[in-house]
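Notes follow the structure.
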Amino acid sequence: MPPISFTSSEAKDFIRDQFDFEILRGFRREHYPDQQLAYFGLPGEQLLDVLSWRSLIGRWTAVQVNNTPEDQEVASRLVRNVMLSHLDRGFDPVWANIDELLTDPVQCSELGWPYQIVNLDYYGGFVNAAGDERASRRMEAIRSMFERQVGSAFVLFLTINLRDRDRGVLTDRFRQEEEDLLALEVRGVSEVFAAHRELGNAGMLKIIVPVFLAGASLRHNLIFHSPVLYQGTQQMIHFAVQCTPYREGGAGRVLRTRDRIDIINLPLLVLHGRDDLREVRLGEIPPPQYDA
């Protein structure tokens with residue numbers, strides 16, 4: 001199969017050049033005011049995110065699949081664009097599938113952890129199940145990434161396609177989250193989940209992805225920005241999360257009911273054009289009277 005050709009869009013440019021850039025600039029000012037940030041991720045052959053954020057980035061690791069002759073041509077163009085853009089200082093190319101890389105202990109240990117920017121700009125979906133299996137290497141890769149980042153503050157950008165080979169995993173996780181909150185007799189759950197369900201995969205992912213990240217990162221405190229739904233090459237949803245070390249000891253942070261509700265209550269941002277960013281609220285679950 002030939003490599004997928006990526007074409008940016010006005011909406012994607014806005015997210016990268018303004019939305020994400022402002023998050024990174026504020027994050028660096030607060031946590032790393034005297035140093036450049038280390039980058040790990042999927043910049044693509046056009047290097048658009050690295051070019052946009054180059055004033056903030058020092059060393060950087062670019063991951064690019066390199067399995068077929070077509071993939072190798074893309075990798076060659078990536079390296080050429082690095083040279084043409086004078087980005088070779090601190091550049092570390094890794095030729096691999098990023099999910100396989102992050103779930104392989106040997107390969108993963110050879111990377112330059114920790115990084116202050118992790119950009120998982122996927123073309124595919126969140127679960128991305130292989131074959132007839134329901135297991136998700138992508139979700140395990142994200143768990144592994146958090147384990148490697150323990151003790152360090154960083155920003156995670158996660159972009160995924162609404163279309164997903166999920167084998168029913170999205171629906172099951174969405175239903176389970178709703179049932180868990182209903183079992184706790186939390187008010188407003190049915191109405192809020194119904195509003196999200198009406199949006200299809202976009203609404204399910206708005207809840208499932210942040211709840212998954214919060215549970216996969218118990219050694220970090222997470223600050224979630226409202227997710228952004230936009231039209232790129234495909235319809236995509238973009239998450240930005242600031243992650244800081246959890247330092248209170250024990251087995252790590254506990255994911256409380258209140259935390260899950262705060263995540264679910266975040267509005268959805270819908271980006272129709274470069275500057276047409278609208279906030280959509282999908283109801284609000286009142287905080288519980290107890291702190292569970």
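FYI, it's all coordinate maths here, none of it is from the lab. Model, not experiment: these values are computed from the prediction. Neighbour counts are summed over all protein chains in view; Cβ atoms, including those assigned to glycine, are modelled from backbone coordinates with ideal geometry.
Counting only C-alpha contacts under 8 Å and six or more residues apart, can you give the relative contact order of segment 228-292 as a whole percent? Once normalised by length, the contact order is 33 percent.
FRET efficiency for the pair residue 254 and residue 165, taken as 1/(1 + (r/R0)^6) with r the Cβ-Cβ distance and R0 = 22 Å, rounds to 0.10. Taking only the Cα atoms of the chain, the ratio Rg/Rh comes out at 0.95, with Rh defined as the Kirkwood radius.
Exposure proxy for 145, 83: other Cβ atoms within 10 Å of each Cβ, ordered fewest to most, give 83, 145. What the Cα atoms of segment 6-123 give is an Rg and a Dmax of 14.2, 44 Å.
Here residue 231 and residue 107 are evaluated by their C-beta separation; at R0 = 45 Å the FRET efficiency comes out at 0.85. Here r is the Cβ-Cβ distance between residue 67 and residue 13 and R0 is 25 Å; the resulting FRET efficiency, rounded to 0.05, is 0.30. Only Cα pairs under 8 Å and 6+ residues apart enter the sum, and on that basis the relative contact order of the chain stands at 18 percent.
With a cut-off of 14 Å between beta carbons, the residues surrounding residue 72 carry a summed charge of -2, where Lys and Arg count +1 and Asp and Glu -1. Applying the criteria of a DSSP loop state and at most 15 other Cβ atoms within 10 Å to the GluC sites (Glu not before Pro) of segment 165-272 yields 185, 198, 248.
If each residue's Cβ is checked for other Cβ atoms within 10 Å, how do 37, 111 rank with the fewest at the top?
Least crowded to most crowded, the residues run 111, 37.
Directionally averaged projected area (segment 89-238, Cα convex hull): 10.6 nm².
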